[in-house]
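The structure appears below as structure tokens.
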Amino acid sequence: LHHFDLDPTPNTLSFYITYASHHIEPRSVMSYLTGIIRNLELHFPHAQSSQNSHLVTRTLQGCLHQLSMPTIWKSPLTCEHLRQAVLRVPAPHSHDDCLFLAQLHTGFFTLLCLGELVVSDTVALRDSFSVSHHTSVRVSPTNYSFDLHCDKSDRLFKGSTILIQKSSSEPNPHTFFSRYLSSRDAQFPFHPQLWLCADGFMPTRAWFIHQLHHIFPTSIAGDSMRARGATPLAAAG
């Protein structure tokens with residue numbers, strides 16, 4: 001296209017980085033370059049040394065500095081946000097309201113990712129093996145727990161047991177989980193899944209985000225639960 005030498009010399013790689021960084025995020029160029037070098041090494045053994053050359057690394061640093069867009073972080077949830085959510089959800093609470101509040105509080109106090117509480121919006125990516133089952137739920141006056149099945153990042157394939165202690169102050173996740181569980185058991189006593197919407201299907205990511213943005217601005221997202229949940233847990237010891 002630009003009549004460059006096909007040999008991956010430091011000059012050629014430097015020109016590629018500069019060109020690509022004007023069209024895509026420079027952080028992505030780093031990943032692309034690694035993949036390109038891996039394929040080129042079969043034909044050009046010196047490709048790896050060219051990638052590690054001073055010219056290439058400095059060119060990449062310069063593009064990151066000059067052309068990279070700042071990372072946009074979502075705002076973290078706080079305990080005050082949880083109190084606002086309870087006040088803003090109209091009473092009496094529907095089954096879906098109970099589900100949303102239970103997941104919101106559970107995710108916040110256990111540092112779970114949203115993907116561990118809901119299923120993917122894309123049907124082909126859903127995995128029934130990673131779904132938490134109702135039979136794993138244990139509720140006592142002081143805590144509640146359920147099993148989180150293993151996923152591809154679980155090297156031992158054992159899964160995890162999620163245990164949430166009852167809080168003596170607000171917000172108290174035990175209250176909202178118990179309320180949801182009562183509604184779920186009354187409507188779907190024979191369904192195996194723990195988390196179920198009023199229509200009998202598992203909540204999706206889009207469903208949860210839709211509920212969340214009914215209450216909070218778009219600066220709050222699903223991962224906001226995990227981002228700030230660690231702070232009150234550390235304060236509580």
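Taken together, the values in this text are just the output of simple stated rules run on the coordinates, not laboratory data. This one's a predicted model, so the numbers in the text were calculated from it and none came from an experiment. When we count neighbours, we look across all protein chains shown, and the Cβ atoms used for this are built from the backbone with ideal geometry, even at glycine.
Restricting the calculation to Cα atoms, the chain shows an Rg/Rh of 1.14 when the hydrodynamic-style radius is the Kirkwood one. The mean sequence separation of alpha-carbon pairs under 8 Å and at least six residues apart, normalised by the residue count of the chain, gives a relative contact order of 24 percent. From the alpha carbon centroid of segment 6-48 to that of segment 79-108 is 49 Å.
Evaluated with a Cβ-only charge set (Lys, Arg +1; Asp, Glu -1), segment 79-235 carries a dipole of roughly 280 debye about its Cα centre, given to the nearest 20.
As a proxy for reagent exposure, Asp96, Asp127 were ordered by neighbouring Cβ count within 10 angstrom, fewest first; the result is Asp127, Asp96.
Computed from Cα atoms, the angle from the helix 54-67 axis to the main principal axis of the chain rounds to 50 degrees.
Taking Cα atoms only, the orientation of helix 10-21 departs from the longest principal axis of the chain by about 40 degrees. Under the criterion of Cα pairs below 8 Å and six or more residues apart, the relative contact order for segment 27-155 equals 11 percent. With point charges of +1 on the Cβ of Lys and Arg and -1 on the Cβ of Asp and Glu, referenced to the Cα centre of the chain, which listed residue (Gln66, His43, His134) lies farthest in the positive direction of the dipole? In the chain, that residue is His134. Residues in segment 122-132 carry Karplus couplings, in order, of 8, 4, 5, 8, 6, 10, 5, 5, 8, 7, 6 Hz; the curve used is 6.51 cos²θ - 1.76 cosθ + 1.60 with θ = phi - 60°, and Gly or Pro positions show x. Taking only Cα atoms, what is the 0 to 90° angle, nearest 10, from helix 95-110's long axis to the longest principal axis of the chain? On a 0 to 90 degree scale, this one is about 60. Computed over segment 10-67, the Cα gyration tensor eigenvalues convert (square root of 5λ each) into semi-axes of 19, 12, 8 Å, ordered from largest to smallest.
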